[in-house]
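The structure appears right after this line, and notes come after that.
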């Protein structure tokens, strides 16, 4: 379903097992950034009422996920660390069109969001299989379904609002770019590291 061309390096799961506090802190901040991304798209496209309504729901859900991750951190008597830089997301953002029509830029931003959700979903699936903490395995199973839904929503809106854009071709380009990008990651106990 997700179409990812390169699976996460299995060694990533071992890194996560060795440093769950780092994973959870990084994950919390990823959820905050996902909420901010949805709000940013609302600000850029307030005229698209259905998009605004759905992105509002997604932003609220992502912020709720942030709170849930923080609760898991605190339940283990760990502390939420400072916000982490996400090099994977920053490099993926470089692929997003800054020029072109408003429609092309919107499609790219939606595909960028879909790509992050797809990779996160894939990582959550690994966590449901590899995380040593049973409660976290169950938590990541719930989040995996949520991320898959977000992925489908973003792809659906790209197709809906990209009438004059070859969305399938552009998505294929995103998949190819992301495969090359992710080949350099999986070396840190972070969501995209």
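Would you confirm whether or not region 76-99 contains a residue that is assigned to a helix (DSSP H, G or I), in contact with a helix residue (DSSP H, G or I) (Cβ under 7 Å, 6 or more places away or on another chain) and surrounded by fewer than 16 Cβ atoms within 10 Å (Cβ to Cβ)?
Looking through region 76-99, at least one residue is assigned to a helix (DSSP H, G or I), in contact with a helix residue (DSSP H, G or I) (Cβ under 7 Å, 6 or more places away or on another chain) and surrounded by fewer than 16 Cβ atoms within 10 Å (Cβ to Cβ).
Within region 123-135, which residues are touching a helix residue (DSSP H, G or I) at 6+ places or on another chain (Cβ under 6 Å) and without any contact (Cβ under 8 Å) to a residue 40 or more places away in the chain?
If the condition is that a residue be touching a helix residue (DSSP H, G or I) at 6+ places or on another chain (Cβ under 6 Å) and without any contact (Cβ under 8 Å) to a residue 40 or more places away in the chain, then 124, 125, 128 are the ones that fit.
Given the criteria out of contact with any helix residue (DSSP H, G or I) (no Cβ under 8 Å at 6 or more places or on another chain), crowded, with 17+ Cβ neighbours inside 10 Å and not in a loop (DSSP other than H, G, I, E, B), does residue 26 qualify?
yes
Among the residues of region 167-190, are any surrounded by 22 or more Cβ atoms within 10 Å (Cβ to Cβ), at pLDDT below 95, within 17 Å of residue 69 (Cβ to Cβ) and within 14 Å of the chain's Cα centre (by Cα)?
Yes, there is a match, as at least one residue in region 167-190 is surrounded by 22 or more Cβ atoms within 10 Å (Cβ to Cβ), at pLDDT below 95, within 17 Å of residue 69 (Cβ to Cβ) and within 14 Å of the chain's Cα centre (by Cα).
Table: residues versus (1) under 16 Å from the mean Cα position of the chain (by Cα); (2) touching a residue at least 60 places away in the same chain (Cβ under 8 Å).
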{"position": "42", "(1), (2)": "no, no"}
{"position": "70", "(1), (2)": "no, no"}
{"position": "77", "(1), (2)": "no, no"}
{"position": "86", "(1), (2)": "yes, yes"}
{"position": "94", "(1), (2)": "yes, no"}
{"position": "98", "(1), (2)": "no, no"}
{"position": "101", "(1), (2)": "no, yes"}
{"position": "116", "(1), (2)": "yes, yes"}
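Please identify the pairs in which a residue from region 172-186 that is farther than 13 Å from residue 95 by Cα has its Cβ atom under 7 Å from the Cβ atom of a residue that is part of a helix (DSSP H, G or I), counting only partners at least 6 apart or on another chain.
182/119; 185/88; 186/11; 186/12
Could you pull out the residue among 107, 96, 89, 70 that is more than 25 Å from residue 175 (Cβ to Cβ) and modelled with pLDDT of 95 or more?
70
Please work out which one of (1) surrounded by 13 or more Cβ atoms within 10 Å (Cβ to Cβ); (2) touching a residue at least 12 places away in the same chain (Cβ under 8 Å); (3) in a loop (DSSP other than H, G, I, E, B); (4) more than 15 Å from the chain's Cα centre (by Cα) is the condition residue 163 fails and give its number.
(1)
Which condition breaks for residue 138 when tested against (1) touching a residue at least 12 places away in the same chain (Cβ under 8 Å); (2) over 15 Å from residue 190 (Cα atoms)?
The number of the failed condition is (1).
Does residue 135 satisfy the criteria of being under 21 Å from residue 37 (Cα atoms) and either in a helix (DSSP H, G or I) or at pLDDT below 95 (or both)?
Spelling it out, it is not the case that residue 135 is under 21 Å from residue 37 (Cα atoms) and either in a helix (DSSP H, G or I) or at pLDDT below 95 (or both).
Could we say that residue 118 is within 26 Å of residue 42 (Cβ to Cβ), surrounded by 21 or more Cβ atoms within 10 Å (Cβ to Cβ) and touching a helix residue (DSSP H, G or I) at 6+ places or on another chain (Cβ under 9 Å) here?
The answer is yes for residue 118.
The values are calculated or read from the model by the stated rules, or taken from the named source; none is laboratory data. All of these numbers come straight from a predicted model, not from anything done at the bench. Neighbour counts are summed over all protein chains in view; Cβ atoms, including those assigned to glycine, are modelled from backbone coordinates with ideal geometry.
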